[in-house]
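Here the structure comes first, spelled out in structure tokens, and everything after it is commentary.
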Amino acid sequence: MTTTAHTAAPGSQDVDAARLEAVERYHVLLEPPRADLLALVGIAAQVARVPLATINLITDTEQHQIAVTGFEAAICTRSDSMCAGVLHEPEPVIVSDASLDPRFATNPFVTGELGDVRFYATHHLRTPSGVTIGTLCVFDTVPRSLDDEQEAALRELAARVVDVLELELRSRDLERSVLALEQAHAELERSNAQLTAFAGQVAHDLRNPLSAISMSLDLLDEGLTEDPRVDPQVSGELSFILRRAASGAGRMRVLIDDLLSYARLGGDLRRGPVDLGAVVAEVRTDLATALHGARVEVGPLPTVHGDRSQLRAVLQNLLANSAKFTAPGQPARIEVHAETGERTVRLEVVDHGLGIPEQDRARVFEPLARAHEEIAGTGIGLATVHRIVEAHRGAIGITGTPGGGTTVWVELPR
């Protein structure tokens, strides 16, 4: 299918300004080629059965090839760009032989000055707000054509390119929100009431766009799988990209949920007798998978006065950390014991794992602070523990275990 010839409409200043603003927001012009975009442009070449393909973003003065296959990416002037001349077209532009098309016959990418393009097919990249930022372009040095299935698949791929750019943009927005929360936590510590209100609102605000992104990714994956027009191999490769994006959204959702839990815990307490021995037994059952292969020794534990569910969260976090932060290939060794004084109970959870450097032992109780970045986590667990202990008018601290490891101690009123 080939579109009829049109005279390229000059871009208005308003349109160019909107395009430039949208392109700059995606932060891809000055970055190395992204693996997900390279994968998409490679699939586009396979779908069209051509050796050459590119994702172009077009500014007010230049065309940037941000991901290519079959040749080296480059930047050219907008006046030399074939795609810039057809950005105003409402439909994809597909030309069997560009040397015979009056729109392209004198273009340097056709005449041999910059290239020898013959077959040329370009599909517009339009943002959710309707701004055309560039094209997904496939081409060859010999004339050829596309069938309807190939054209439909390329149209879908162009939409997926925009989805990937949007996902990265939304992820950066979420990261900036989390960073803002991290920078603001000192102010939030002024009062538990202020912290609960702020963190709860932030988590709510972050969940809504993240849920929309996750749902869109799931729908895209489902629709791609069920679409008989898409080649199974192409469908599988696209599904892999979508699942990887969904996995990233899932990790961000875990962080948001942890933040919300942090905001809710440590407030109103339902005080009563709490058998710490029974609580530890429940926690060990819940953490059976995490504690598999670990050696856990639990001494006699007293009954204290406090909120059972919140103290359970304390012990679950501490035991889970002891099981997680171990040397590679080494089973966890954990001891839980307590000493009862006149007015307080001192509970200790001792491990023989990686340990926490002395300079980090106070910092790890702050929201989003982590001592071992190489191990998965959100940096919320110990902040939650600290807040619960403070709500019980207790104290908490960290010392080193003799021979290596971490000892977390908690003092609670009897």
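Would you confirm, using the coordinates I've provided, whether residue 51 is within 15 Å of residue 139 (Cβ to Cβ), in contact with a His (Cβ under 8 Å, 6 or more places away or on another chain) and not assigned by TED's automatic domain parsing to the domain that holds residue 241?
Values: within 15 Å of residue 139 (Cβ to Cβ): yes; in contact with a His (Cβ under 8 Å, 6 or more places away or on another chain): no; not assigned by TED's automatic domain parsing to the domain that holds residue 241: yes.
Taking the combined requirement at face value, the residue does not satisfy it.
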Report the residue count in the stretch 36-71 for those that are loosely packed, with under 15 Cβ neighbours inside 10 Å and out of contact with any helix residue (DSSP H, G or I) (no Cβ under 6 Å at 6 or more places or on another chain). 3
Could you list, ordered by first residue, the pairs with Cβ atoms under 8 Å in which the first is in the stretch 160-180 and outside the structural domain of residue 23 (by TED's automatic domain parsing) and closer than 12 Å to residue 27 by Cα and the second is crowded, with 19+ Cβ neighbours inside 10 Å and hydroxyl-bearing (Ser, Thr, Tyr), at least 6 apart or interchain? 165/26; 168/26; 169/26
Considering only the stretch 311-345, state which residues are out of contact with any Leu (no Cβ under 8 Å at 6 or more places or on another chain) and part of a strand (DSSP E or B). 333, 335, 339, 340
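Scan 296, 283, 274 and give me the residue that is modelled with pLDDT of 85 or more and surrounded by 14 or more Cβ atoms within 10 Å (Cβ to Cβ).
274
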Run down 109, 139 and say which single residue is touching a Gly at 6+ places or on another chain (Cβ under 6 Å) and modelled with pLDDT of 95 or more. 109
Selection status of residue 329, more than 25 Å from residue 282 (Cα to Cα), assigned by TED's automatic domain parsing to the domain that holds residue 275 and at pLDDT 80 or above: no
Among the residues listed as 388, 396, the single one being closer than 21 Å to residue 283 by Cβ, at pLDDT 85 or above and either part of a helix (DSSP H, G or I) or in contact with a helix residue (DSSP H, G or I) (Cβ under 6 Å, 6 or more places away or on another chain) (or both): 396
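Keeping to the stretch 97-143, report how many residues are of a type outside the set (Lys, Arg) and under 17 Å from residue 153 (Cα atoms).
Initial filter on the stretch 97-143 (of a type outside the set (Lys, Arg)): 97-102, 104-117, 119-125, 127-143.
With under 17 Å from residue 153 (Cα atoms) added as a condition, the list becomes 120-125, 135-139.
So the count comes out to 11.
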Are any residues in the stretch 73-89 closer than 17 Å to residue 99 by Cα and either among the β-branched types (Val, Ile, Thr) or not assigned by TED's automatic domain parsing to the domain that holds residue 37 (or both), and if so, which ones? 86
Count of the stretch 84-104 residues which are of a type in the set (A, V, I, L, M, F, W, C) and at pLDDT below 95: 3
For the stretch 21-35, what are the residues that are surrounded by fewer than 18 Cβ atoms within 10 Å (Cβ to Cβ) and under 21 Å from the mean Cα position of the chain (by Cα)? 24, 25, 27, 29, 30, 31, 32, 33, 34, 35
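Any idea which residue in the stretch 299-310 is surrounded by the fewest Cβ atoms within 10 Å (Cβ to Cβ), counting only those that are free of Cβ contacts under 8 Å to residues at least 40 places away in the same chain and part of a helix (DSSP H, G or I)?
Step one: list which residues in the stretch 299-310 are free of Cβ contacts under 8 Å to residues at least 40 places away in the same chain, which gives 299-300, 303, 308-309.
Keeping just the survivors that are part of a helix (DSSP H, G or I) gives 308-309.
Details: 308: 19, 309: 13.
Only one residue fits best here, namely 309.
Would you confirm whether or not the stretch 28-49 contains a residue that is assigned to a loop (DSSP other than H, G, I, E, B) and at pLDDT 90 or above?
Quick first cut of the stretch 28-49, residues assigned to a loop (DSSP other than H, G, I, E, B) only: 28-34, 49.
With at pLDDT 90 or above added as a condition, the list becomes 49.
Yes.
The values are calculated or read from the model by the stated rules, or taken from the named source; none is laboratory data. On a predicted model such as this, the values are computed, not experimentally measured, just so you know. Because the Cβ atoms are built from the backbone with ideal geometry, glycine has one as well, and the counts that use them run over all protein chains shown.
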